[in-house]
Amino acid sequence: MSSMAKITRTSQQINGHILPHPCPHLAEFRAKNGSKPFRALQDCLRVKPPSGRASIRRDPKELPRCGACGESARPRLYACIACAAVHCHVPSGHSHAAAHAYLMPPGHEIAVDVDRAELFCCACRDQVYDRDFDAAVVLAQTAASTLTSSDTSAIQQYAPENLRKRRRIDYKPWIPDLREKYLVGKNSSPLNGDVSDLPWGLRGLNNLGNTCFMNSVLQALLHTPPLRNYFLSDRHNRYFCQKKSNADNTSKKTAANNNESGGNKSAARMCLACDMDAAFSAVFSGDRTPYSPAKFLYSWWQYAANLASYEQQDAHEFFISMLDGIHEKVDKDPRKPESQGNGDCCVAHRVFSGILRSDVMCMACGFTSTTYDPCVDISLDLEPNQGGSAKTMSTKSSYSCNGEADCMNSSQNYGVSTLMGCLDRFTRPERLGSDQKFFCQQCQVRQESLKQMSIRKLPLVSCFHIKRFEHSSVRKMSRKVDRYLQFPFSLDMAPYLSSSILRSRFGNRILPFGGNDPDASNELCSEFELFAVVTHTGKLDAGHYVTYLRLSNQWYKCDDAWITQVNENIVRAAQGYMMFYVQKMLFYKASEKRGPA
């Protein structure tokens, strides 16, 4: 479950980090035993390379079994922290772990997952969070990832042969020469060993506790063509990045040794791009079992400390925060100036960054003030739910559908909100009120004005965020807008470009564009294809996020760990919250070969 709006939180704060409230059984256990049992578990954890997933350490030949039924193939096995008894738990059936907690004295409710090293309350039958246990898991993973040559025995015991060899030499990025490119192209073929009918890379994501907001956005990003190509081509290698980060941390610690403690180590090690690289590797590995993005969630919590909880969050807020985190941590190219809206500073901006143009024209003399603002998405207001005056299908939107069957004519769309209508509303002139007068440089006084937005530069991937919530300062209440929005599968953004809007305003005479102005060139790549839709169902403060993905011209519903194939009419009827469009020239070639669009 997730939310569409920010919620006032009363969670506990420690060192500026907001932590979720523990369950009552966990709070009682901590009050009686303190944090020692959780910290002691660090010595009982085993980290499986190279994925870094933690589990309970045991003999490799030992097969854990339920102490009540003797089964070892149940969905989950949990070891009681108080007595180390192992019992099974079936979410939809009988739970021997819950029975054990009920029959034993108080203090046996908290257990740890044998295979995943995650805390579980047998009484509440839900995962729980404890900062000391989480710190123990992170320390174990950190120790495993920073093993030196003195830890050869540990590596020999747990690491595969190829990983042992890798740790003996320094990692260097590989750039193939002409001969290697020829050999790779001649002797390689697409991965087709998967017996599943699902497209390659389509894998469910486990809900870690009210994290469907994260799963829905991650599914869209994992199948964003430019982003996918960037990470799968090893453009950001997490092993090299971590090694470089560790070297930088060592030098900083040496420099700050005379001061206090050398800085915040966990913050320095955190890299959302590295965790994104790990997620791509896991999702495109061919494994179809649901993947748990726990490490990515933890790193995002480190970056967005005010959102670090298992409470309900907003998918759009997560999307913006995550792109900002990747932008801050990825190395910038020093040869490229980071001008406003450059879009070349990191992969997040290269894929999603565009430039908006704002023209404010004085209604007295006609003087126009122009400003440019970078953006990674466009937030659109739903059209007013009104009758004849509703601007649902204008001249612009009549050819924005590319003649697709999903775009009906204006009479059919009468009174129905459409994505093109929202874009029309976003880019049409707006008269500013008397309280918003701007200072005209030509009149030298404040004058009433007209403001018009347009798109100066289109990104490779356009993300449209629909404002589905309303706030009333008079009534002091908020509500969600459940109005239906019609969106096309193919979209032409040419009518909303600055060049088109200026041409309609001034005619076809020569416009004073600068030499570096991308307005005119945008028209050559203005056609986009829809490949992901994030939807929200439920109320403002409680709901659920689901993503629909378009892969090989077939739609798939990604509902956390469950992946199902759906008809395109299901997608058209969905309550869109975020729509992701990619430039048509970057759209999957496989989509053009399989079946009609």
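The set of residues in region 235-285 being modelled with pLDDT of 70 or more, surrounded by 14 or more Cβ atoms within 10 Å (Cβ to Cβ), outside any helix (DSSP H, G or I) and of a type outside the set (S, T, N, Q) consists of HIS236, MET270, CYS271, PHE284.
Residue count for region 557-597 under the criterion of being charged (D, E, K, R), open to solvent by less than 70 Å² (accessible area, probe 1.4 Å) and modelled with pLDDT under 90: the result is 0. Of the residues in region 140-147, at least one is of a type outside the set (A, V, I, L, M, F, W, C), open to solvent by 10 Å² or more (accessible area, probe 1.4 Å) and not in a helix (DSSP H, G or I). The set of residues from region 95-128 being of a type in the set (Asp, Glu) and part of a loop (DSSP other than H, G, I, E, B) comprises GLU109, ASP115, GLU118.
Here GLU404 fulfils each of the conditions (1) open to solvent by less than 70 Å² (accessible area, probe 1.4 Å); (2) under 22 Å from SER462 (Cβ atoms); (3) of a type outside the set (Ser, Thr, Tyr); (4) modelled with pLDDT of 85 or more apart from (4). The one condition from (1) open to solvent by 40 Å² or more (accessible area, probe 1.4 Å); (2) modelled with pLDDT of 85 or more; (3) on the phi < 0 side of the Ramachandran plot that MET214 does not meet is (1).
Residues checked against (1) touching a strand residue (DSSP E or B) at 6+ places or on another chain (Cβ under 6 Å); (2) at pLDDT 90 or above; (3) closer than 17 Å to VAL582 by Cα:
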position: GLU470; (1), (2), (3): yes, no, no
position: ARG479; (1), (2), (3): yes, no, no
position: LEU485; (1), (2), (3): yes, yes, no
position: ARG503; (1), (2), (3): no, no, no
position: PHE506; (1), (2), (3): no, no, no
position: LEU524; (1), (2), (3): no, no, yes
position: PHE531; (1), (2), (3): yes, yes, yes
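Within the bounds of region 58-66, is there any residue that is assigned to a strand (DSSP E or B), open to solvent by 40 Å² or more (accessible area, probe 1.4 Å), modelled with pLDDT under 85 and under 26 Å from GLY34 (Cα atoms)? No, region 58-66 contains no residue that is assigned to a strand (DSSP E or B), open to solvent by 40 Å² or more (accessible area, probe 1.4 Å), modelled with pLDDT under 85 and under 26 Å from GLY34 (Cα atoms). Of everything in region 415-464 that is out of contact with any helix residue (DSSP H, G or I) (no Cβ under 8 Å at 6 or more places or on another chain) and within 16 Å of GLU383 (Cβ to Cβ), the residue that is most open to solvent (accessible area, probe 1.4 Å) is GLU430. Determine if region 225-233 includes at least one residue that is more than 26 Å from ALA136 (Cα to Cα), surrounded by fewer than 17 Cβ atoms within 10 Å (Cβ to Cβ) and modelled with pLDDT under 85. Within region 225-233 (the criterion being more than 26 Å from ALA136 (Cα to Cα), surrounded by fewer than 17 Cβ atoms within 10 Å (Cβ to Cβ) and modelled with pLDDT under 85), the answer is no, since none of the residues qualifies.
The residues in region 536-556 that are β-branched (Val, Ile, Thr) and either modelled with pLDDT under 95 or open to solvent by 10 Å² or more (accessible area, probe 1.4 Å) (or both) can be counted, and the count is 2. Please determine whether any residue of region 193-208 is in a helix (DSSP H, G or I) and at pLDDT 80 or above. For region 193-208, residues in a helix (DSSP H, G or I) and at pLDDT 80 or above: absent.
Residues in region 286-298 that are in a helix (DSSP H, G or I) and open to solvent by 40 Å² or more (accessible area, probe 1.4 Å): ALA294, LYS295, TYR298.
The values are calculated or read from the model by the stated rules, or taken from the named source; none is laboratory data. Fair warning: this is a prediction, and the values are worked out from it, not measured in the lab. Quick reminder, even Gly has a Cβ in these numbers, built from the backbone with ideal geometry, and neighbours come from all protein chains shown. Ligands, DNA and RNA are stripped out before the accessible areas are found, and what is left, the full protein with its side chains, is counted by its heavy atoms. Shrake-Rupley method; radii C 1.70, N 1.55, O 1.52, S 1.80 Å.
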